[in-house]
1. Any idea how many Lys pairs in the chain come in under 27 angstrom at the alpha carbon, given 8 or more places apart or on separate chains?
2. How much of the DSSP beta bridge set in the chain is antiparallel, as a percent to the nearest 5?
3. According to the square roots a ≥ b ≥ c of the eigenvalues of the Cα gyration tensor, what is the shape class of region 82-198, taking rounded for a/c under 1.5, prolate for a/b larger than b/c otherwise, and oblate for the remainder?
4. FRET efficiency for Tyr144 and Lys100, Cβ-Cβ distance as r, R0 = 22 Å, nearest 0.05?
5. In terms of modelled amide H atoms, which long-range or inter-chain residues lie less than 5 Å from the amide H of Phe148?
6. Amide H neighbours of Thr67 under 5 Å, at least 5 residues apart or on other chains, H built in the peptide plane: list them.
7. Could you check how many percent of all C-alpha pairs in the chain are farther apart than 20 Å?
8. For Glu145, Glu44, what's the fewest-to-most ordering of other Cβ within 10 Å of each Cβ?
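What follows is calculated from the coordinates using simple rules that are stated; it is not laboratory data. Source: prediction; values computed, not measured. In this analysis, Cβ positions are derived from the backbone assuming ideal geometry, glycine residues included, and neighbour counts consider all displayed protein chains.
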Amino acid sequence: MYKDISPLELAIQFHGHICPGLLMGVRAAELAMEQLNLKRDQDEDVVAIVETDSCGVDALQSILGCTFGKGNLIFRDYGKTVYTIIDRSSNRALRIAQMKRASMGAAGQRYRELKERNDLNQNEQAELEQVRQELFQYITTCPYEELFAWNEVETELPPRASIHKTLTCGKCGEGVMEPRAIKTVEGILCQPCFDLAR
Ligand SMILES: [Zn+2]
Ligand SMILES: [Zn+2]
């Protein structure tokens, strides 16, 4: 991880824009680091199990170093803003659940009201920008308790990413990871070729 840039900056660069969801993810990542005593160069030991695929996950990827490519980001498609952060070195796991519509104060409410409309006049546009700033300020500074409920949990550690043999698909000739190769009477096929052959 880059240590000379703040977690917030890192997350914004990675995600490509700043939004409330990303900021909530930044707070969740910081909460996890604080509770589990994680160091910023420890990312190989950290695993994140995420139950949503929205903006906040990009904050976890960039700040905690839990990424799809490294295999230490596990996506469970439950549609819940819940993150379980596991530290392999200490064997501890923290489950962080974002509160349903964490109220985010008056700014949050007004932000949602204005966001839902698409007929804003100039004054309202300016107001939206204003409450957006207030909301960002609120999310980045309020106590964690206003955003999340968290507790330590027992979690089975997922196995470390393993390297598989590459086989060759008999139809397209491209390589395919052994556990994904399909053995048919006509030989080895990759999934897309197998689907086409049916
Ligand atoms: Zn976003
Ligand atoms: Zn193929």
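1. 11
2. Expressed as a percentage, antiparallel bridges in the chain total about 90.
3. On the way: a/c = 4.47, a/b = 1.83, b/c = 2.44.
Taking the square roots of the gyration eigenvalues as a ≥ b ≥ c, region 82-198 is oblate.
4. Values: r = 16 Å, r/R0 = 0.72.
It comes to 0.90.
5. Residues meeting the criterion, in which the H sits 1.01 Å from N, are Met99.
6. Those qualifying (amide H under 5 Å, at least 5 residues apart or on another chain) are Asn72, Leu73.
7. On the way: 12421 of 19503 pairs.
That fraction is 64 percent.
8. Details: Glu145 9, Glu44 12.
Ranking Glu145, Glu44 by Cβ neighbours within 10 Å, fewest first, gives Glu145, Glu44.
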